[in-house]
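This report concerns only the one structure given below.
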Amino acid sequence: MRQQETPSYDPAVNDASNITGQLAQLLDAGGVISDPERIAPMQRDHRALYRGHALAVLAPADTAAVTRVLAFCNEHRIGVVPQGGNTSYCGGATPDASSSQVLLSLARLNRIRGIDAANYTITAEAGCILAKLQAAAAEADRYLPLSLGSEGSCMLGGNLSTNAGGLNVIRYGMARELVLGLEVVLADGRVLETLTGLRKDNTGYDIRSLFLGAEGTLGVITAACIKLYPALRSFATAFVAVRDPAAAVSLLGALREASGDCVSSFELIPRIGVEMTTRHIPGVVDPLAAPSDWYVLCELSTSRANEPLDALLEQVLAKAHEDGWVQDAGVAQNLREREAFWRLRESIPEAQRKDGASLKHDISVPVSQVPRFIEVAGGWVAHHVPQGVLIAYGHLGDGNLHFNVNQRPGTDPVVFRSRQPALQRAIHDLVAEMGGSFSAEHGIGQLKVAELERYAQPAELAAMRSIKQALDPNGILNPGKVLRGSAL
């Protein structure tokens, strides 16, 4: 074994202005960003956990420009940090503070190259904002199911590089499962292009899958061919008070069976999530008359027009009420009510930020294990972190919880934050015991590198390092993210 050197720009060998000047010659007039006000937010992560300082901030306009930049940086051993909408929760798109890394913004690669309605595909560049792609699909009478709280600012390249999850995973899967082809620029500037839109292609290794979830450490995704689906024409949405998380799991099973698996979203929300959003977010109201400890926001959808989903949903809820799983429910009667339900759910992260300091965990366990996980982990939090209050919410339909602890008013913030290492270890150990994941949809970035080393199997880590060494032998791609840098 030998250590793969993390590339760094050495000011004793290369003059910064000289290097920046050479990089500028590879790009068009808008290819170098120098305005401090534009650069500042690009050099800190979404949660303000990490702040860096780049050697240069580049914004290539096309794939050819990306190839020139990577070839140059590979030759000169300059680290490259790709960035899309900069919505990472784990510092995956933030340069370090050494002034030795190039920050590569993909924002100008924002063209939709084509929609093949008959093939149910859209081909678009990495800098396309997700909401723009959703709208383009809708204009073609098609549906792009990838949906995130940050869809108004996150970009396709980042979504794929982090294998984003979101609200519709139960029905359509993670971002990885929507990809038919990729265009990727490798570390040495070569382009790997598989934008065919084929659903059947059994010709050797599935190379493209390596780049999905790799967070820019193996190559820079510049374009992708994404699956589309028939436009959705019927919806049924309900905000439901449930007895407990176990009852929510039972309701999920009943809905999936009764609807022919038309459940597209199934979100678990605790009472404190409702209280926090109604307190901090203007316009958000409590959907039900009486409070409950736990709620579910569920949605059925289908491409068939005039499908009686409301009646089906109400029938299942009535039976669940008889069985003691459901205490109360409100079924959206129009688009305004549906949007109000979803606004409450999607405002929880913002409400948490406004409420104070928070210790966050993005975990998943098998759906059947969610109730036990909440019970055991919640008990640990109550006993060991009295300065905090548990906010466990998220995508129950796929077993993904945002298991967060917010600081109680009036408690010492220093003492509260000091509980983070013990809390993280207890939560992640319990997740591992239940066969789950310590990072369900937010990736590794630089925040969870040590956790990956702790919980991944040795053979898995060795394989990842071998792949990294093969595709990026000089270690220029997103240094310090996902892996520390060891290689065979």
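The values are calculated or read from the model by the stated rules, or taken from the named source; none is laboratory data. Since the structure is predicted, the reported quantities are computational estimates derived from the model, not experimental observations. We place every Cβ from the backbone using ideal geometry, glycine too, and count neighbours over all the protein chains shown. When the accessible area is computed, the model is the full protein with side chains, heavy atoms only, and any ligands, DNA or RNA have been set aside. Shrake-Rupley method; radii C 1.70, N 1.55, O 1.52, S 1.80 Å.
DSSP finds beta bridges in the chain, and of those with both partners inside it, around 85 percent are antiparallel. Candidate cross-link partners of K481 among the aspartates and glutamates, defined by an alpha-carbon separation under 15 Å and a same-chain spacing of 8 or more, comprise E5, D45, D96, E215, E451, E453, D472. Taking the C-alpha atoms only, the angle from helix 245-259 to the longest principal axis of the chain is near 90 degrees.
What is the dipole size for the chain, taken about its Cα centre, with +1 at each Lys and Arg Cβ and -1 at each Asp and Glu Cβ, in debye to the nearest 20? Mind showing how you got there, number by number?
Numbers: 44 positive and 52 negative charges, 114 e Å.
Dipole of the chain, to the nearest 20 debye: 540 debye.
Find the relative contact order for segment 37-157 and round it to a whole percent, using C-alpha pairs within less than 8 Å whose residues are 6+ positions apart. The normalised contact order for segment 37-157 reaches 25 percent. Relative to its Kirkwood radius, the Cα radius of gyration of segment 248-344 gives an Rg/Rh of 0.96.
Derived from the Cα gyration tensor, the three semi-axes of the equivalent ellipsoid of segment 22-110 are 20, 14, 12 Å, largest first. Straight-line cross-link reach from K200 at under 20 Å between alpha-carbon atoms covers these aspartates and glutamates, not counting any fewer than eight positions away in the same chain: D116, E177, E183.
Here segment 80-132 is treated as a sphere whose radius is the Kirkwood value from Cα pairs; by Stokes-Einstein at 10 °C and 1.306 mPa s it diffuses with a coefficient of 123 µm²/s.
Counting only protein heavy atoms and a 1.4 Å probe, tell me what percentage of the chain's accessible area is made up of carbon and sulfur.
Numbers: 10520 of 20640 Å².
Here it works out to 51 percent.
Projected onto planes of every orientation and averaged, the convex hull of the alpha-carbon atoms in segment 298-373 covers 7.8 nm².
Could you rank the peptides 162-174, 443-455 by their average count of other C-beta atoms within 10 Å per residue, with the highest value first?
By packing density, highest mean first, the sequence is 162-174, 443-455.
Taken over the chain, the percentage of Cα pairs per 20 Å bin, counting from 0 up to the bin with the maximum distance, is 23, 54, 23, 1. Set the Cα radius of gyration of segment 179-249 against 2.2 N^0.38 Å, with N its number of residues, and you get 1.73.
The three principal axes of the C-alpha atoms in segment 404-467 carry coordinate ranges of 49, 25, 19 Å, sorted with the longest axis first. Averaging the sequence gap over all C-alpha pairs within less than 8 Å and six or more residues apart, then dividing by the number of residues, gives segment 179-237 a relative contact order of 45 percent. Computed over the chain, relative contact order equals 17 percent, with contacts defined as Cα pairs under 8 Å that lie 6+ residues apart.
Report D for segment 377-488 in µm² per second (integer): Stokes-Einstein, Kirkwood Rh on Cα pairs, 25 °C, 0.890 mPa s. Mind dumping the intermediate values first?
Values: Rh = 16.1 Å.
Estimated via Stokes-Einstein, D reaches 152 µm²/s.
Report, to one decimal in Å, the Kirkwood hydrodynamic radius for segment 110-185 based on all distinct Cα pairs. Please list the in-between numbers first.
Values: mean 1/r = 0.0803 Å⁻¹.
For segment 110-185, inverting the mean 1/r across all distinct Cα pairs yields 12.5 Å.
Can you list the trypsin sites (Lys or Arg not before Pro) in segment 270-338 that are in a DSSP coil and have 14 or fewer other beta carbons within 10 angstrom? Here the sparse-neighbourhood loop sites are R304.
Using helices alone, I'd like the mean residue ellipticity at 222 nm for the chain: each DSSP H run of four-plus residues gives -39500 (n - 2.57), total over residue count, nearest 500. Don't skip to the answer; put the middle values down first.
Details: 16 runs with 166 residues, N = 488.
After summing the helix terms and dividing by residue count, I get -10000 deg cm²/dmol.
For segment 368-418, the spherically averaged projection of the C-alpha convex hull amounts to 3.6 nm².
Please pull out the direction-averaged projected area of segment 61-203, using the convex hull of its alpha-carbon atoms, in nm² to one decimal place. All intermediate terms of the calculation are to be shown ahead of the outcome.
On the way: hull surface 38.3 nm².
Approximately 9.6 nm², given one-decimal rounding.
In the context of the full protein assembly, F239 retains an accessible surface of approximately 0 Å², using a probe radius of 1.4 Å and ignoring ligands and nucleic acids.
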